[in-house]
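Inspection log for the structure reproduced underneath, given as structure tokens.
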Amino acid sequence: MGGPSENPELRAFLESLHYGELLSGTVTAIERFGVCRGAGRWPRPPSLPRRGFITIPELSWRRIEAASDVVQVGQRLSCEFLQFDTWNLEARLSLRATQPDPFQAFADGIAVGQKLHGQITKLVPFGVFVQVADGIGGLVHLRELTWTRGKAPSDVVQVGDEVTVVVTEIDRERRSLALSRRQGSSDHR
């Protein structure tokens, strides 16, 4: 059909890029779903666009509300190449891959069974999320929130409450913490 994937010039270009390769360029637009970037110093055939796209999750290891929380139009960035989107003729990039993962560093300093202090950030029907360090949070499942069965999270805690929790699981691959308020607690509310 003559689509982008059948373009021999594009194919040669794609074969020249490697996962993890650093590409630099300037932020040209911030959209609600990510950042468009002109790729300045990277090789390309003259007939191909010099565009890159960074999705919101690839901007930062931390949860962010908007791309403008991390980057500004006109800012120069170095990003890792993830893949080439042949449909949109743009490189998919990651800014966060160029930065250390704060969760892994945090996980290096804690252990299952350790008590942590944190703040309730969100209530959900199945439990609560607790921030235990800057940008690091975990889930206290409803069954680990209180000794009393049948209570809703809002019957026990509110957003903003300071709590002591115990680490019950550290999942490095999924970057998640499982926490408990019951283990090691004398709080029997």
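Counting the residues of region 98-123 that are under 21 Å from Ala67 (Cα atoms), in contact (Cβ under 8 Å) with a residue 60 or more places away in the chain and crowded, with 16+ Cβ neighbours inside 10 Å gives 1.
Is it the case, given these coordinates, that Ile136 is buried (at least 17 other Cβ atoms within 10 Å of the Cβ) and aliphatic (A, V, I, L, M)? Yes, satisfied.
The residue that is nearest to Phe103 (Cα to Cα), counting only those in region 151-163 that are open to solvent by less than 60 Å² (accessible area, probe 1.4 Å) and not in a loop (DSSP other than H, G, I, E, B), is Val163. For region 105-120, the condition of being farther than 21 Å from Arg62 by Cα and either in contact with a Cys (Cβ under 9 Å, 6 or more places away or on another chain) or among the aliphatic types (A, V, I, L, M) (or both) holds for at least one residue.
The set of residues in region 51-67 being more than 8 Å from Gly34 (Cα to Cα) and surrounded by fewer than 17 Cβ atoms within 10 Å (Cβ to Cβ) consists of Pro57, Arg62, Arg63, Ile64, Glu65, Ala66. Scanning region 163-182 for residues that are modelled with pLDDT under 95 and touching a helix residue (DSSP H, G or I) at 6+ places or on another chain (Cβ under 8 Å) yields Arg175, Arg181, Arg182.
The values are calculated or read from the model by the stated rules, or taken from the named source; none is laboratory data. Not measured: the values here are computed from a predicted model. Note: ideal-geometry Cβ built from the backbone for every residue, glycine included; neighbour counts use all protein chains shown. Accessible surface is based on the protein model in full, side chains and every heavy atom, while ligands, DNA and RNA are left aside. Shrake-Rupley method; radii C 1.70, N 1.55, O 1.52, S 1.80 Å.
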